[in-house]
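Derivation of every value follows stated rules applied to the coordinates shown; laboratory data play no part. What you see is a predicted model, and the numbers here were worked out from it, not measured in a lab. Counting neighbours? That spans all protein chains shown, and the Cβs are built from the backbone with ideal geometry, glycine included.
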Amino acid sequence: MKKPRHPGDFIRTEIIEQAGLTVQAAAAVLHVSRPALSSVLNAKAELSGEMALRIEKAFGVKMETLMPMQSN
């Protein structure tokens, strides 16, 4: 059975890289620190509801898409 994908991997590849942003630039867009975003992207921290909402507002990816990835 395949291990579920952490939302950080999806956020990195499908949102940040697709937008042509660095982690630093994406953190600035989201109004969070680079270490905070990096922790989520590297699966060292869970995706919080607040971070998911920031991503939704900044990039248009619905929280309802991201949050189930976290619970898996």
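With the highest mean first, a sort of the peptides 37-48, 55-66 on other beta-carbon atoms found within 10 angstrom per residue produces 37-48, 55-66. One way to sum up the overall shape of region 7-61 is the equivalent ellipsoid from its Cα gyration tensor, whose semi-axes run 14, 12, 11 Å, largest first. Note on the chain: with a GNM built from Cα contacts shorter than 10 Å, the maximum mean-square fluctuation among ALA26, ALA36, ALA52 falls on ALA36. Each residue of region 21-32 was assigned a 3J(HN,Hα) from its phi angle through the Karplus expression (A = 6.51, B = -1.76, C = 1.60, θ = phi - 60°), giving 9, 7, 4, 4, 5, 5, 4, 5, 4, 7, 6, 10 Hz with x at Gly and Pro.
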